[in-house]
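Q: Just passing along the structure, written as structure tokens.
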Amino acid sequence: MDIKKGIAVSPGVSIGKCLIIDSEDYRIPRRTIEPSQRMAEVQRVRNAFHDAVRELTALDQAQQQDAASGGRIRDIFAVHLRFLRDRSLRRKITDVIHVESVTAEYAVSSVLREIALHFIAVKDAYISERAADIYDIERRLLKQLLGHKREDVGRLKEEVVVVARELSPTQTAGFNKEFVKGIASDAGGRTSHAAIVARSLGIPAVVALEDLTEIVHGGDTVIIDGNRGIVIVSPDEDTIHQYEAYGRDFVALGHKLDALRDEPAVTRDGVRITLLGNIEFPDEARIVLDKGGEGIGLYRTEFLYLNRQTEPTEEEHYQAYATTVRVLGKRPVIIRTVDLGADKYTQSRRYVPEPNPFLGLRSIRYCLQNLGMFKTQLRAILRASVLGQVKIMFPLITNIQELMQAKMIVHDVMEDLDEERIAYNRNVKVGIMVETPSAALTASSLARESDFFSIGTNDLTQYTLAVDRGNELVSTLYSAADPAVLRLIRTVIQDAYKAQIDVSVCGETASEPEYVMLLLGMGVRTLSLSAPMIPEIKQVIRSVTLESCNGLTRTVLAMNSERQISAYLRNMARKVLPEVF
Ligand code: PEP
Ligand code: MG
């Protein structure tokens with residue numbers, strides 16, 4: 001029995017047989033093998049090269065028919081074929097298997113990535129761009145080696161817990177809840193997008209387990225404790241019985257909290273708080289209402305790009321928004337324009353990935369450089385705005401010019417719709433996510449141009465503390481309880497009040513019981529969170545007085561260390577909601 005501690009990212013308990021999957025871009029864990037298995041792995045490498053050459057030759061022949069584009073593509077294929085036929089490359093890979101006793105996948109990946117890095121290091125742009133060819137060859141070989149295994153998740157017929165080195169939001173969103181009962185990964189953080197998706201789907205998940213994929217084997221029994229961040233590999237009978245009972249208690253608590261659905265989120269001294277839901281897909285809108293949510297505070301529309309290589313059409317955008325708005329009726333639906341980039345979709349489509357994608361072409365920056373795409377989405381949102389209470393929200397605003405430019409494009413689209421006599425709500429509210437330190441520090445001027453703010457504490461924490469939200473190596477440094485983050489949150493709330501615009505919090509802190517009292521004490525009256533967490537947060541709100549929240553906030557803002565603040569917040573939340581802790 002192996003017990004691993006990671007970060008709990010999606011609550012609940014599951015026990016099941018393990019299915020190991022590899023990440024979308026085939027980053028392969030280092031898995032060692034018995035010396036007796038080396039020859040079999042070497043043979044797998046030979047077969048993979050052989051099949052890759054055959055596949056590429058067939059593609060090359062198909063290109064011969066196409067005189068227009070065939071020439072350039074065939075040049076590329078010729079380069080790839082030369083690599084694949086290079087015996088010294090194959091020898092390098094099989095040497096790694098013999099010397100390090102590792103799997104064929106790992107040997108292929110590590111050797112080719114090392115070669116790619118040498119290419120990248122060369123100052124000549126032509127040569128450094130050839131790294132993309134090496135990555136392509138790596139992918140082609142890995143597809144041969146992993147092809148069958150990769151299809152397993154889509155074709156599941158029995159319940160499993162999924163274990164992976166790293167999961168993308170796309171993979172996670174594609175999981176069938178009926179069969180995927182738990183998720184555990186070596187990498188990731190509490191606010192990485194795969195974690196957020198797991199929480200939305202209600203699948204218990206633990207991330208940042210570092211080397212779990214090296215310990216576990218496919219088919220092992222695994223317990224995922226998404227409440228305490230623990231994963232147990234090959235548990236003994238006693239442990240299984242204990243966890244079965246714990247899982248039953250957790251489900252019972254959930255039912256008890258679900259009974260609060262129609263009760264208002266009001267503090268004991270009568271202050272009404274609005275609880276909205278965060279969604280990624282239109283069909284989650286119904287779940288938000290079922291859990292007692294009063295609207296959608298964050299619709300992450302980039303998930304429309306899931307599992308597709310082409311852009312959604314205006315009609316596809318429109319259908320998604322119209323479906324959502326119709327479910328919500330007159331309640332608010334805040335549609336965030338696409339937040340592509342960083343860990344969402346665009347990297348895998350780039351020939352050479354960006355070196356710092358979280359600081360790169362993401363979110364509103366991506367939209368402002370892809371105006372056709374941006375306008376298509378805005379047209380669809382505006383068309384849907386006549387169906388209910390739609391609001392538009394821009395992500396990752398860092399300065400006033402960006403906001404003005406984005407708003408100008410909304411006006412352009414409105415003019416187009418006017419010309420075409422297409423109906424939309426002329427007074428649609430346009431707000432921004434405050435999720436960069438620069439936006440927080442200039443909130444007073446941004447407030448003059450915004451109808452509302454929504455504080456994205458996930459990114460605000462990452463950018464304030466310079467800590468990657470998805471990197472398990474620095475996950476202990478990632479905390480919204482850091483005094484620097486809290487000061488920025490307070491500034492944003494104060495500036496929103498001064499400008500008399502609405503302010504809500506839609507980052508993951510809104511769904512963490514330990515932060516809720518603090519946010520209320522800072523003046524927040526609207527929280528937006530993933531649907532499964534709404535009942536628990538409502539329970540917290542109904543158990544406290546605003547007066548006690550104000551007192552807690554004064555104490556916290558006088559503290560100067562994250563450790564002290566976190567411990568204090570945890571203790572206070574434990575007192576309010578002992579059954580959850
Ligand atoms: C945030 O950054 O807090 C946020 C809500 O946006 P996302 O998690 O989608 O980046
Ligand atoms: Mg964000």
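Q: Does region 384-413 hold any residues that are among the polar types (S, T, N, Q) and either closer than 13 Å to ARG365 by Cα or within 16 Å of ligand 2 (Cβ to nearest atom) (or both), and which are they?
A: THR398, ASN399, GLN401, GLN405
Here's the yes/no breakdown for (1) at pLDDT 95 or above; (2) touching a Lys or Arg at 6+ places or on another chain (Cβ under 6 Å); (3) over 28 Å from LYS538 (Cα atoms); (4) not aromatic (Phe, Trp, Tyr):
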{"residue": "ASP290", "(1), (2), (3), (4)": "no, no, no, yes"}
{"residue": "GLY295", "(1), (2), (3), (4)": "yes, yes, no, yes"}
{"residue": "LEU304", "(1), (2), (3), (4)": "no, no, yes, yes"}
{"residue": "PRO312", "(1), (2), (3), (4)": "no, no, yes, yes"}
{"residue": "LEU328", "(1), (2), (3), (4)": "yes, no, no, yes"}
{"residue": "ARG331", "(1), (2), (3), (4)": "yes, no, no, yes"}
{"residue": "TYR345", "(1), (2), (3), (4)": "no, no, yes, no"}
{"residue": "PRO353", "(1), (2), (3), (4)": "no, no, yes, yes"}
{"residue": "ARG365", "(1), (2), (3), (4)": "yes, no, yes, yes"}
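Q: Continuing with the same structure: Six or more apart or on different chains, Cβ atoms under 7 Å: show the pairs whose first residue is in region 233-251 and closer than 12 Å to ILE15 by Cα and whose second is acidic (Asp, Glu) and exposed (fewer than 15 other Cβ atoms within 10 Å of the Cβ).
A: Hits for this filter: VAL233/ASP2; SER234/ASP2.
Q: Next question, about the same structure. Can you pull out every residue in region 351-399 that is assigned to a loop (DSSP other than H, G, I, E, B) and either open to solvent by 40 Å² or more (accessible area, probe 1.4 Å) or free of Cβ contacts under 8 Å to residues at least 24 places away in the same chain (or both)?
A: Matches in region 351-399: TYR351, VAL352, PRO353, GLU354, PRO355, ASN356, GLY360, LEU361, ASN370, ASN399.
Q: I've got another one for you. Just name the residue that is farthest from ligand 2 (Cβ to nearest atom) out of those in region 414-445 that are assigned to a loop (DSSP other than H, G, I, E, B) and open to solvent by 60 Å² or more (accessible area, probe 1.4 Å).
A: In this case the residue turns out to be ARG421.
Q: Continuing with the same structure: Given the condition closer than 21 Å to VAL13 by Cα, without any contact (Cβ under 8 Å) to a residue 40 or more places away in the chain and open to solvent by 10 Å² or more (accessible area, probe 1.4 Å), answer yes or no: does some residue in region 126-141 qualify?
A: Taking every residue of region 126-141 in turn, none turns out to be closer than 21 Å to VAL13 by Cα, without any contact (Cβ under 8 Å) to a residue 40 or more places away in the chain and open to solvent by 10 Å² or more (accessible area, probe 1.4 Å).
Q: Please find, among GLY297, GLY277, the residue that is open to solvent by less than 10 Å² (accessible area, probe 1.4 Å), more than 16 Å from ligand 2 (Cβ to nearest atom) and part of a strand (DSSP E or B).
A: GLY277
Q: Only one of ALA496, ALA510, ALA480 is part of a loop (DSSP other than H, G, I, E, B) and either within 16 Å of ligand 2 (Cβ to nearest atom) or within 13 Å of ILE455 (Cα to Cα) (or both); which?
A: ALA480 is the lone residue from the list that is part of a loop (DSSP other than H, G, I, E, B) and either within 16 Å of ligand 2 (Cβ to nearest atom) or within 13 Å of ILE455 (Cα to Cα) (or both).
Q: Specify the residue that is nearest to ligand 2 (Cβ to nearest atom); the eligible residues are those in region 302-336 that are part of a helix (DSSP H, G or I) and hydroxyl-bearing (Ser, Thr, Tyr).
A: Residue satisfying both the conditions and the ranking: TYR305.
Q: Take the residues of region 447-459 that are within 8 Å of ligand 1 (Cβ to nearest atom) and of a type in the set (Ser, Thr, Tyr): which is surrounded by the most Cβ atoms within 10 Å (Cβ to Cβ)?
A: Per the stated criteria, the residue is SER454.
Q: Could I ask something else about it? Among the residues of region 390-435 satisfying the criterion of being among the basic types (Lys, Arg) and over 24 Å from the mean Cα position of the chain (by Cα), which is farthest from ligand 1 (Cβ to nearest atom)?
A: Within region 390-435, the match that is farthest from ligand 1 (Cβ to nearest atom) is ARG421.
Q: Suppose the filter is over 30 Å from TYR305 (Cα atoms) and exposed (fewer than 14 other Cβ atoms within 10 Å of the Cβ); does ASP220 pass it?
A: no
Per-residue answers, yes or no, for (1) in a helix (DSSP H, G or I); (2) buried (at least 16 other Cβ atoms within 10 Å of the Cβ):
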{"residue": "LEU529", "(1), (2)": "no, yes"}
{"residue": "PRO532", "(1), (2)": "yes, yes"}
{"residue": "ARG542", "(1), (2)": "yes, yes"}
{"residue": "THR553", "(1), (2)": "yes, yes"}
{"residue": "VAL556", "(1), (2)": "yes, yes"}
{"residue": "GLN564", "(1), (2)": "yes, no"}
{"residue": "LEU569", "(1), (2)": "yes, yes"}
{"residue": "ARG574", "(1), (2)": "yes, no"}
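Q: What are the residues in region 460-473 that are open to solvent by 40 Å² or more (accessible area, probe 1.4 Å) and without any contact (Cβ under 8 Å) to a residue 12 or more places away in the chain, if any?
A: Those that are open to solvent by 40 Å² or more (accessible area, probe 1.4 Å) and without any contact (Cβ under 8 Å) to a residue 12 or more places away in the chain: ALA466, LEU473.
Q: Looking at region 82-116, which of the residues that are of a type in the set (S, T, N, Q) and assigned to a helix (DSSP H, G or I) is surrounded by the fewest Cβ atoms within 10 Å (Cβ to Cβ)?
A: Filtering region 82-116 for residues that are of a type in the set (S, T, N, Q) and assigned to a helix (DSSP H, G or I), the one surrounded by the fewest Cβ atoms within 10 Å (Cβ to Cβ) comes out as SER88.
Q: If we keep just the residues of region 262-304 that are out of contact with any Asp or Glu (no Cβ under 7 Å at 6 or more places or on another chain) and of a type in the set (Lys, Arg), which is nearest to VAL325 (Cα to Cα)?
A: ARG286
Q: Please pick out the residue among ALA194, ALA187 that is buried (at least 22 other Cβ atoms within 10 Å of the Cβ) and modelled with pLDDT of 85 or more.
A: ALA187
Q: Which of the residues belonging to region 455-477 are in a helix (DSSP H, G or I), in contact with a strand residue (DSSP E or B) (Cβ under 9 Å, 6 or more places away or on another chain) and within 16 Å of ligand 2 (Cβ to nearest atom)?
A: Listed by number, the residues that qualify are THR457, ASP459, LEU460.
Q: For PHE119, only one of the following conditions fails: (1) out of contact with any helix residue (DSSP H, G or I) (no Cβ under 7 Å at 6 or more places or on another chain); (2) buried (at least 16 other Cβ atoms within 10 Å of the Cβ). What is its number?
A: (1)
Q: Looking at (1) small (Gly, Ala, Ser); (2) within 16 Å of ligand 2 (Cβ to nearest atom); (3) assigned to a loop (DSSP other than H, G, I, E, B), find the lone condition where GLY270 falls short.
A: The number of the failed condition is (2).
The values are calculated or read from the model by the stated rules, or taken from the named source; none is laboratory data. Predicted, not measured: the structure shown is a model, and the values here were computed from it. Every residue, glycine as well, gets a Cβ built from its backbone with ideal geometry; the counts of neighbours run over all protein chains shown. What goes into the accessible areas is simple: the full protein's heavy atoms, side chains included, and nothing from ligands, DNA or RNA. Shrake-Rupley method; radii C 1.70, N 1.55, O 1.52, S 1.80 Å.
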